[in-house]
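**Student:** Before we start, here is the structure in question, set down as structure tokens.
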Amino acid sequence: MSDEGTKVQEKQPRPWVARLTLLGFSVFVLVLAGVIQLVSWTTTISASLPPVPDLETLAVSAEVTDRDGLLLRPFTTSSGHWRLPVTRAEVDKRFIDMLIAYEDRGFAGHAGVAWNSMLRAAGQFVLAGGRVVSGGSTLTMQVARLIEGQPTRNAFGKLRQMIHAQQLEASLSKDEILDLYLTLAPYGGNIEGIRAATLAYFGKEPTRLTTAEAALLVALPQSPEARRPDRDSAAALASRNMVLDRLVSLGTIAEEEARAAKLEPIPTARKPFPMLAAHMAEQAVKAQPTARTVELTLDKRLQDALERLAAARARMIDPRVSVAILAADIDTGEILASVGSAGLLATESAGFVDMTKAIRSPGSTLKPLIYGLAFELGLAHPQSLIEDRPTAFGGYVPVNFDGFNRGTVTIHDALTQSLNIPAVVVLDAVGPARLVSRLKRAYANPRLPVDTAPSLAVGLGGVGITLRDLVSVYAALAHGGKPVALYDGLGARPVPHVSADVLDPVSAWYVSDILADVPPPLNGSPGRVAYKTGTSYGYRDAWAIGFDGKTVVGVWVGRPDGAPVPGLSGITGAAPILFEAFDRLGSRKAPLPKAPPGVLFASNTQLPAPLRRFRHPNENLVARISAPEIAFPADGVDVDLGLRGGALSPLVVKVRNGVPPFTFFANGAPFGRSQFARQDSWTPDGPGYVTLSVVDAQGRGDTVTVFLD
């Protein structure tokens, strides 16, 4: 009986065992509830996470690049951030290695969360009394935070970040995750991504970085505002050096390398982002608003060089003056450089106006095409003689730029000296309508007054035209007379719609050969460039257009508001810039082409009789006036010779038009007779009025009265 009672008593559980069982069950229930809640949270969080970003459609800064993919001008995102597209392959590998070593050494192996780092960070947080010692976030978790743009200072936020990181790892490769970090990481202010950071702080792409630069870029995303080098260079320096020390302790870099890197100064200001081809780049993003990258035909090196040239020369001329330059490949028509102004932000010279597309008067720049038409029609040869003497066409009486006439000259000399009267005589023979038609064949768009037919004034600038038009015309001359459609990379390459040539090859070569003989400005070498200058009425536009064997370049100088610039001319204002532009072509320089078959090399006396002298098809319609005129001094002016001070200074009298020899008179008394010269000098006895006269060989004369002082 007692034994059985003892057995029953032994089968009863001890009290502490029951408690432990109950406690274990309670813990199990709590853990299970926690797991269920965690699963519920995870499900809820997963459903609320943003979609995995596609690197191809991620919102980034639109960028305009040159023909080789080099950055010309980026634009901020719609939120105002600089965030340029970039991939791991475009970033210095040394920076990638330093970033992974410092931020996430287990990046290649984890699935989004490094649990050992999380446990370490949690333990450090507890031991430090609630102070964050290390974050424990992987690069993937940081990408998750950057995508959401939300802080993760609480447990729920950290859990959300961990779940998001695992989702990213399941959907993207490690390289894609790293590309997202390189694109989204903050670097202070509105700078996001490694590429925007290197451009802003170092003025270069991230392909090659120094150890010091890479260390600073590793440090900045940890606290981008507090460590901004342009705001607190001391904090930036300290954080960079901290990264260097850590990398030394990890064995990523040598101590000597870190020591040398610490001597490199910290940038103290942001550099401006590239703004090359500002006008064309802005047009590009407007034309393709959804494109991430727009590639133009421009050459970044040449574009940069010509923009600097334009800005420097405009400052030397007048702050209100702008300069436009356009360069294009003769064979393909691709635009290599397009400088719309002397600076986009130049307020005095309206730098926002793209003067490559502004409609202006071309001055004398159309003369080569006029003579080319005469060659093509068989009316002339470069060595044909033509008269440069006063000529009237009804009410239109052209005069030369300097007011003087040269008499009988060759077509070659008439063009190289840019004489107006012979050009108008030839234009009257070939027809202004034909000239306008050939301009259109060259893809130019000449603008005439509404409801008016082309007139002789077109030949001397009486038509509206753009720099781009003129470059297209001269490209055709350089291309053997074949039209060249200019192309800048915007939209589809134009399909040639012109079947006929602008000029035949022989006529085009004659023109090119003459233009190669135009005397260059002081900074140019003769014969290297075939070019022509032009100056519009009232000194409003100065032009210089030229080409060698591969490239055509056009230069415009003037005020965008159309105001005159006294003394401005094509030869003094635009031609020096043209030759400097050719000096900057580098390897693109090429000699002018050789003569095509059919060119007639002959002096005037060797030419066939009909070509020895240019004759207007209807000479009777060309009225001629040739009475002499006193060009200086003008009638009624006061001339200061310093006579009141006792000086006996000579007065120079100049004559234009007329037929030499000339006889000069002062108050009716002759004082000089020149056989060929068109000027003579006379020394007065003292101040007072004097009547000056001149009589030519045919007895025609002119008289002026001036006051000498």
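Each value in this text was obtained by applying a stated rule to the coordinates, not by laboratory testing. Since we're looking at a predicted model, the values are computed, not measured. Counting neighbours? That spans all protein chains shown, and the Cβs are built from the backbone with ideal geometry, glycine included.
**Student:** Of Lys204/Lys286; Lys367/Lys440; Lys300/Lys550; Lys550/Lys594; Lys174/Lys262; Lys367/Lys589, which pairs sit farther than 20 Å apart, going by alpha carbon to alpha carbon?
**Tutor:** Pairs exceeding 20 Å: Lys204/Lys286; Lys174/Lys262; Lys367/Lys589.
**Student:** Now, a different point. Counting only C-alpha contacts under 8 Å and six or more residues apart, can you give the relative contact order of the chain as a whole percent?
**Tutor:** Result for the chain is 10 percent.
**Student:** If you take the beta carbon distance between Arg231 and Ala492 as r and set R0 to 35 Å, what does 1/(1 + (r/R0)^6) give as a FRET efficiency, to the nearest 0.05?
**Tutor:** 0.15
**Student:** Would you compute, for the Cα atoms of region 626-708, the largest minus smallest coordinate along each principal axis and list the three values in descending order, in whole Å?
**Tutor:** Cα extents, longest axis first: 39, 22, 18 Å.
**Student:** Give the long-range amide H neighbours of Asp702: residues separated by 5 or more places, or on another chain, with amide H under 5 Å away, using H modelled in the peptide plane at 1.01 Å from N.
**Tutor:** Val694
**Student:** Same structure, new question: Counting only other residues whose beta carbon sits under 11 Å from that of Gly481, what net charge do I get with K and R as +1, D and E as -1?
**Tutor:** 0
**Student:** A further question on this structure: Output ³J(HN,Hα) for region 231-245: one whole-Hz value per residue in order, computed from phi by the Karplus curve 6.51 cos²θ - 1.76 cosθ + 1.60 with θ = phi - 60°, and x for Gly and Pro.
**Tutor:** For region 231-245, the Karplus-derived couplings read 10, 9, 5, 5, 5, 5, 5, 5, 5, 5, 5, 4, 5, 4, 5 Hz, x marking Gly and Pro.
**Student:** Here is a follow-up. Return the FRET efficiency for the residue pair Arg613, Gln288: r is the Cβ-Cβ distance, R0 is 56 Å, and the value is rounded to the nearest 0.05.
**Tutor:** 0.45
**Student:** Restricted to Cα positions, what overall size does region 456-559 have along the principal axes? Three whole-Å values, descending.
**Tutor:** The principal-axis extents, from largest down, are 39, 31, 30 Å.
**Student:** I would also like to ask the following. Which ³J(HN,Hα) values in Hz, rounded to whole numbers, follow from the phi angles of region 511-518 under the Karplus curve 6.51 cos²θ - 1.76 cosθ + 1.60, where θ = phi - 60° and Gly and Pro get x?
**Tutor:** For region 511-518, the Karplus-derived couplings read 4, 4, 5, 5, 5, 5, 8, 5 Hz, x marking Gly and Pro.
**Student:** If you don't mind, there's one more thing I want to ask. Would you mind checking which residues have amide H under 5 Å from Leu651's amide H? H placed 1.01 Å from N; only 5 or more apart, or other chain.
**Tutor:** For Leu651, whose amide H was placed from the backbone, the distant partners under 5 Å are Trp682, Thr683.
**Student:** Mind pulling up the Rg/Rh value for the chain? Radius of gyration and Kirkwood radius, both on Cα.
**Tutor:** 1.25
**Student:** Taking H as built 1.01 Å from N, whose amide H comes closer than 5 Å to the amide H of Arg613, not counting residues under 5 places away?
**Tutor:** Hits under the 5 Å cutoff: Leu385.
**Student:** Can you give the longest run of the chain that contains no trypsin sites (Lys or Arg not before Pro) sitting in a DSSP loop with at most 10 other Cβ atoms inside 10 Å?
**Tutor:** 154-593
**Student:** Less than 11 Å Cβ to Cβ from Gly562, Lys/Arg counted +1 and Asp/Glu -1: what total charge do the surrounding residues give?
**Tutor:** So the environment of Gly562 carries a net charge of +1.
**Student:** How much net charge surrounds Ala444 when only the other residues with a Cβ under 12 Å from the Cβ of Ala444 are counted, with Lys and Arg +1 and Asp and Glu -1?
**Tutor:** Residues near Ala444 contribute +4 overall.
**Student:** For the chain, what is the calculated [θ] at 222 nm in deg cm²/dmol (nearest 500), taking -39500 (n - 2.57) for each run of four or more DSSP H residues and dividing by its residue count?
**Tutor:** Dividing the helical sum by the residues of the chain leaves -11000 deg cm²/dmol.
**Student:** With θ set to phi - 60°, apply the Karplus curve 6.51 cos²θ - 1.76 cosθ + 1.60 along region 428-439 and write out the HN-Hα couplings as whole Hz, x wherever there is a Gly or Pro.
**Tutor:** Per residue, the Karplus-derived 3J(HN,Hα) values read 4, 6, 8, x, x, 5, 5, 4, 5, 4, 5, 4 Hz.
**Student:** Apply the a/c threshold of 1.5 to the C-alpha gyration tensor of region 551-709 and tell me whether it is rounded, prolate or oblate.
**Tutor:** Oblate shape, in that a/c is at least 1.5 and b/c is the bigger or equal ratio.
**Student:** Within 10 Å of each residue's Cβ, count the other Cβ atoms and sort Glu307, Glu103, Glu255, Glu264 from fewest upward.
**Tutor:** Listed from fewest to most nearby Cβ atoms, that is Glu255, Glu264, Glu103, Glu307.
**Student:** At most 11 other C-beta atoms within 10 Å and a DSSP loop state: those are the exposed chymotrypsin sites (Phe, Trp or Tyr not before Pro) I care about. Give me the longest piece of the chain that has none.
**Tutor:** Within the chain, the longest run free of exposed chymotrypsin sites (Phe, Trp or Tyr not before Pro) spans 1-600.
**Student:** Between the alpha-carbon centers of region 648-685 and region 324-403, tell me the distance in whole angstrom.
**Tutor:** The distance from the Cα centre of region 648-685 to that of region 324-403 comes to 37 Å.
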